[in-house]
Amino acid sequence: MTDVEIALARRAALGEGPTWDTAADRLLWVDILASEVHTYDPSTGTDTVRPTPQHVGAAKPRASGGLVVNLRDGIGLYAPDGSFRWLAEWPEEGRRGNDAAVAPDGVLWAGTMRYDEAPGGGRLRRVTPEGKVTTVLNDVTVSNGLAWSPDGRLMYYVDTPTRRIDVFEGDDRRVFTRVPGLPDGLTVDADGCVWVALWGGGRVLRYTPAGELDRTVEVPARQTTACAFGGPHLRDLYITTAATGAPDDDAHAGSLFVLPDAGQGLPSPAFPA
């Protein structure tokens, strides 16, 4: 497919984590290494930036307004007036927050990784709106994509160096599919298909609920990082990219891309804290 458009031309160091804020009709995304949360308005093309005090792996809308953010040292909350407080802290030398997502039951799942990407150095945790923390996985390397099936029964998960997407059903974890490259962020559409961005691959792949590849979206930037459906009817697929690690001649590295009318997305739950 060759119909991908540049939604926003930028040179993000590590663009990541696109999430459609349904209440605001805006796309949230982050530049992890620049410590920035971006809010993109496709109706005007404007992009506003909120600096964060630490590297920020993900930002999601709160039901009360504001944001929940996965920072280097834990989970923080921004109020609508911009004030900040910690919900849960876990400072660990050499580690930072990476991808995160709000589950259908309102619990935040937040991953971490080591800056040096040492094997087994990351974690996957659950954080309730009250701040209760449960460590689910202790030995991941690059904790990445998180998303749920339309009925909420299945959770898809990526530990990038494994080159696969896993699926959780309750306490059972199994391989959903093996990926020809390094899987990064992912999303699930209304048909239960899983879309995953390939780090260093310059494309997004879609897998059927049976784990079969049935669609490839080529992106004119090598370091594709994550994808999410957005727009007024959740029909457009937004794709983040990174300039970090991109070739010098990659003119669009770090830009935000969009594939119009790619499919039917699912609304992202707001964090109820």
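The values are calculated or read from the model by the stated rules, or taken from the named source; none is laboratory data. Please read these numbers as outputs of a predicted model, since none were measured by experiment. A quick note on method: Cβ atoms are made from the backbone with ideal geometry, for glycine too, and the neighbour counts reach across all protein chains shown. The protein model used for the area step is the full one, side chains on, heavy atoms only, and it has no ligands, DNA or RNA in it. Shrake-Rupley method; radii C 1.70, N 1.55, O 1.52, S 1.80 Å.
Observations
- For Arg203, residues with placed amide H under 5 Å, excluding near neighbours: Leu198, Val219, Thr224
- Distribution of pairwise C-alpha distances over the chain, 10 Å bins, in %: 7, 34, 40, 18, 1
- The Asp261 and Arg163 beta-carbon pair, evaluated with R₀ = 25 Å, returns a calculated FRET efficiency of approximately 0.25.
- Between Trp86 and Asp3, residue separation times 0.36 nm minus the direct Cα-Cα distance comes to 25.7 nm.
- Rolling a 1.4 Å probe over the heavy atoms of the protein chains gives the chain an accessible area of 40 Å² per residue.
- Anisotropy class of the range 128-244 from Cα gyration tensor, a/c 1.5 cut: rounded
- Potential lengthening between Asp248 and Asp41 on full extension [0.36 nm per residue; Cα-Cα distance subtracted]: 71.6 nm
- FRET efficiency, Arg215 to Asp172 (Cβ-Cβ, R0 25 Å, nearest 0.05): 0.35
- Each Cα pair under 8 Å and six or more residues apart adds its sequence gap; the mean of these over the residue count of the range 192-233 is a relative contact order of 39 percent.
- Glu117-Thr208 FRET efficiency (beta carbon distance; Förster radius 25 Å; 0.05 resolution): 0.25
- The chain: relative contact order in percent, alpha carbon pairs under 8 Å with at least 6 residues between: 19 percent
- The mean sequence distance of close C-alpha pairs (under 8 Å, at least 6 residues apart), as a share of the length of the range 158-271, puts its relative contact order at 19 percent.
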